[in-house]
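The values are calculated or read from the model by the stated rules, or taken from the named source; none is laboratory data. Worth saying up front: this structure is predicted, and the values here are computed from it rather than measured. Neighbour counts run over all protein chains shown; Cβ positions are idealised from the backbone, glycine included. Accessible surface is based on the protein model in full, side chains and every heavy atom, while ligands, DNA and RNA are left aside. Shrake-Rupley method; radii C 1.70, N 1.55, O 1.52, S 1.80 Å.
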Amino acid sequence: MDHQAMPENKSDRRKLSHKKNDMYRSMMETTGDVYMRFDSEFRHIYVSPTAAAYSGMEPDAMTGKTHRELGFPENLCRFWEERLSDIFRSGNPVETEFEFNSAKGPVIFNWRLYPEHDDAGTITTVLSVARDMTRIRLEQQEKENLMRFQNIIIESADIWLDVLDREGNVIIWNRAAERISGYSAGEATGHGKIWEWLYPDEEYRKNITATAMEIIEGLRVAEGFETTIRCKNGEERIISWNSRNLVDDRGIIMGSVALGFDVTEKNLIETALKESEEHYRNIFENAEAGLFRTRILDGKVLDVNEKYAQLAGYDSREECLSEFVSSKSYADPRQREYIIQELKEKGFIQNKEIEIIQKNGSRIWVSFSARVFPEDGLIEGVLIDVTERINAVRALKESESLYRSLFEGSRDGIIFIDGTGQFLDFNQSYLDMLGYSRNELLAMNFRMITPEKWLGWEFETVFEKQLRVKGYSDIYEKEYIHKDGSVFPVELRAYRLNKPGSGSEVFWAIVRDITEEKKAREEHRLLQEQFFQAQKMEAIGTLTGGLAHDFNNILGGIIGSLSILEMILAEESLKKEEKIWKYLRTAISSSNRAAETIKQLLMLTRRESLRLVPVDITQSLRNVIRICQNSFPKSINIDSAFPDKPVRIMADPTQLEQLILNLCVNASHAMTSMRGDHESEGGILFTGLESLLPDVRIMATHGETKQGYPYAVLTIRDNGIGMDQETQNRIFEPFFTTKPMGSGTGLGLAMVYSIVTQHGGLIDVRSEPGSGTEIKVYFPLLEDEAHPQIFEPGTPPADIPRGNGLIMVVDDEEALRSIAVEILEGIGYRVITAENGLKAMEIFQVRHTEIDALVLDMSMPGMSGLELYKNIRLINPSIRVILTSGYMHDERVRKAMDLGALGFIAKPYSIRHFAEKVRELLFLSGK
């Protein structure tokens, strides 16, 4: 050992010790930290200038005195006495943190207390080192508050939200995305497999992926971009995307954020979804200080502690001292020049943030505090690692960018209001919803856009019972007032942003305009009602078709028998012949009316093809009036006015009478069942007919009117309850009715309108509530008298055509077979019969060369008429067949006609009609 290097006596060693103490004291006074030393009586024996500044006293005034003697608060005095007693007793250092109302204001200190020993190992003093953590704690609190707020926004979003990284992998997948897709966040995040599941078609997925990458690269921004996804349960849904890329404050691309709106079903989305995944981490940690001394001239490090060496990237203090040059550690070489200049001007620097380069080339950020000693050419100071805080600030800016994208990209309105209801902030969707500008709405209170009827309920139920109790509201509906004064429905959910009792209140809400949704719900309800009504009418149609078949078979026997009697009586001379003919024709006319009634029943559910013939409308009107007189209540008086001569139009007689009957029935109801409970029933039903040219008003309101062309005008007028204009506008809509539930189908006037339109006519309605209704129907008048015959029910039959040949009649009804045989044999034909399809096949196989034609019933037990016809054609493809059926719309008839059947005659039929059809068939076939 080189003894020459050691001081020779105690005096020299004392000088060296004092010099070293002076050096450390200078270093402590250079930092922004608080240093104090206490003796065993808790008196201050050293107070750094920084500590004195926080106490509001001079260091000399504090030296030699306890906290009590200096007048510090009782709680602070107890704190120091307890901590110092523990250290003097146990010898263990203590670290703690508390808030102190200093001369500079409230501060948060992190204290470290260390025992100091003499040569004998006895604790003589305690050194306390404190660091002002106020700024760090406030920044941490602000970060936590903002993260909490952002979590609320994302978790409360009622829309699909996902965030992709630079490679297109999912890193955020909110609950709305889980609900819509069926895939959990765990299944979707961290990889790109989710896109294969959502878009299983490879070609489609390639297009979607290419678009997503263009968005990430910033080549495009998606607004309303729609894709079809396949959910986990196999269901396909259409998603409308708003997406853009995310970049940090340095312009580096981080990925993309997308908002997805499920547009598969417009009406009925009533859930608020919260994002569950937390994607934030705590950045700030307390960093130990690195102490240093360097030369001003070249930045050579003269002395450092272990922490400084770690910050500089070295394994040990010795390695740092031998290799490190501080002037070369700045990321920006000019930074040292700025620091030296500031030190020369001010003498110190406190908490300046700079970026330094470590030994391995890594970069970190530090808080730099230093003091200059120009006479010695030295700089002494402290470094605190703040890299995590700087990175946290960058992450915060990125989070703010994400929040702003969510806020402005939402299709729903997002608003912030204070406790008085004053608007604080809102997005563009909210402005568009209300029609106000930003400046206009900022000057308004939410009560100004809320109808009066909602204010009391919203305050008591939403604000007092929900927001101020649990911090959020249920989803609820109310109304808003648009700038133009119109009122529209909205759906919203509100949240309280701050805790109760924390000062001023702030609330925010997500608001959705549900005008279209409510309209769609109402339309859906009406469509359901119409669907049920249509099902009921379909059931009625099925029942009516079956009844029509049975009644037509019955009527077939009656009409056929009457036709035979008519033919027999024409050849006989009887007493009271005139009276017999009178009653026979009455029976024939009544039977024909019954057959027409069957057709009218079928018209309620099926559309009859038009059979236009010249018709005297006066006769049709008389027929309907007879029905009304026999069926309407006695309180209805029927008054009529007819012209002297016939009024002829081209019309389907059955549909024409159906039209008149429907109008008369409606008029009767307006004067009876639809009157109020305290009104007497009854009134006058007027039916009139005239020929005239339409007036100016009719021509102006009905563009289809033929100018200068005469019309037959049918008038139906009542003095019933009448209608307002809104009802008049809808009376011809299918299923629309003003009658009580179960009292009307809503099809009567719709059928009237359809019949009038098919006949090239027009209809005019006049009505006032309480004054009755007048309906005029205009039909083009038939002025050509060259038509050979006007259709009139009950006209006596002309000569019946006769013929010859062998005809086979196949029908399971014995009465109809007998009548057919009687009719055919009476007009010259030979006839054989079969009661079913199997019997007919046996006969036809033997006598097919003799049989000239078949009369074939389509509806028979066992082998049907269609099956029989197919089998007979295998034997004789050219056989002539007349089809008969009691069904007015028998699909089997159409199929048989397509296969080659030459004619069809509906049951019931008269002798004349039947004979004409048979003769026509044989004539067409060249027989």
Margin query: Would region 287-392 count as rounded, prolate or oblate if I go by the C-alpha gyration tensor, calling it rounded below 1.5 in a/c and otherwise prolate when a/b exceeds b/c, oblate otherwise?
Written below: oblate
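Would you work out what percent of the accessible area of region 806-924, with all protein chains in place, is carbon or sulfur (probe 1.4 Å)?
49
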Margin query: For region 444-491, what are Rg and Dmax over the alpha carbons, in angstrom?
Written below: 11.5, 36
Notebook entry, point to check: What ratio of Cα Rg to 2.2 N^0.38 Å holds for region 157-268?
Noted result: 1.01
Note to self: I'd like to check one number: the per residue accessible area of region 287-392, probe 1.4 Å, reported in Å² as a whole number.
What the structure shows: 50
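Please express the shape of region 806-924 as an equivalent ellipsoid: the semi-axes are the square roots of 5 times the eigenvalues of the C-alpha gyration tensor, given largest first in whole angstrom.
Details: eigenvalues 65, 54, 43 Å².
Working through the eigenvalues yields semi-axes of 18, 16, 15 Å.
Anything over 30 Å Cα to Cα? Flag those among Lys870/Lys917; Lys483/Lys739; Lys839/Lys895; Lys193/Lys518; Lys645/Lys776, in the order listed.
Details: Lys870/Lys917 22 Å; Lys483/Lys739 40 Å; Lys839/Lys895 23 Å; Lys193/Lys518 38 Å; Lys645/Lys776 20 Å.
In this structure, Lys483/Lys739; Lys193/Lys518 lie more than 30 Å apart at Cα.
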Check: Between region 803-868 and region 62-77, how many Å separate their Cα centres?
Finding: 131
Check: Within the set Lys300/Lys344; Lys328/Lys359; Lys307/Lys344; Lys232/Lys519; Lys300/Lys352, which residue pairs have Cα atoms separated by over 22 Å?
Finding: Lys307/Lys344; Lys232/Lys519
Check: Which cross-chain or sequence-distant (5 or more) residues have an amide H under 5 Å from the amide H of Leu685, H modelled 1.01 Å from N in plane?
Finding: Asn637, Ile638, Asp639
Notebook entry, point to check: Once amide H atoms are placed 1.01 Å from N in the peptide plane, what residues at a sequence separation of 5 or more from Leu781, or on another chain, have their amide H within under 5 Å of its amide H?
Noted result: Tyr711, Ala712
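Where does each of 714-726, 199-211 land if you order them by average Cβ count within 10 Å, highest first? Write out the running numbers ahead of the final one.
Numbers: 714-726: 18.3, 199-211: 12.6.
So the order, starting with the most tightly packed, is 714-726, 199-211.
Please give the per residue accessible area of region 806-924, computed with a probe of 1.4 Å over protein heavy atoms only, in Å².
Details: 5120 Å² over 119 residues.
Roughly 43 Å² per residue, with all protein chains present.
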Checklist line | Inter-part distance where region 448-494 and region 187-208 are each reduced to a Cα centre, Å | finding: 41
Notebook entry, point to check: Any idea what the relative contact order of region 806-924 is, in percent, if you count C-alpha pairs under 8 Å spaced at least 6 apart?
Noted result: 23
Next item on the list: Starting from the eigenvalues of the Cα gyration tensor, five times each then square-rooted, give me the equivalent ellipsoid semi-axes of region 804-852, largest first, whole Å.
Entry: 17, 15, 4
Notebook entry, point to check: Carbon and sulfur: what percent of region 287-392's accessible surface (1.4 Å probe)?
Noted result: 46
Check: Using a basic spin-label model with each label point 7 Å from the Cα along Cα→Cβ, how many nm lie between Arg220 and Lys895?
Finding: 5.3
Note to self: Given N residues in region 26-138, what is its alpha carbon radius of gyration divided by 2.2 N^0.38 Å?
What the structure shows: 1.02
Notebook entry, point to check: Using the per-residue mean of other Cβ atoms lying within 10 Å as a proxy for protection, in what order, highest first, do the peptides 177-185, 132-140 fall?
Noted result: 177-185, 132-140
Next item on the list: Mind checking the full-extension length gain between Asn207 and Val469? Use 0.36 nm per residue of separation minus the Cα-Cα distance, one decimal, nm.
Entry: 89.4 nm
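Using a 10 Å cut-off on Cβ atoms, rank the peptides 48-55, 806-813, 895-902 from the highest mean neighbour count down. Please list the in-between numbers first.
Values: 48-55: 19.1, 806-813: 22.6, 895-902: 15.9.
For the peptides 48-55, 806-813, 895-902, the packing ranking is 806-813, 48-55, 895-902.
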Note to self: Can you give me the long-range amide H partners of Thr264? Hydrogens built in the peptide plane at 1.01 Å from N, cutoff under 5 Å, separation of 5 or more residues or another chain.
What the structure shows: Ile238
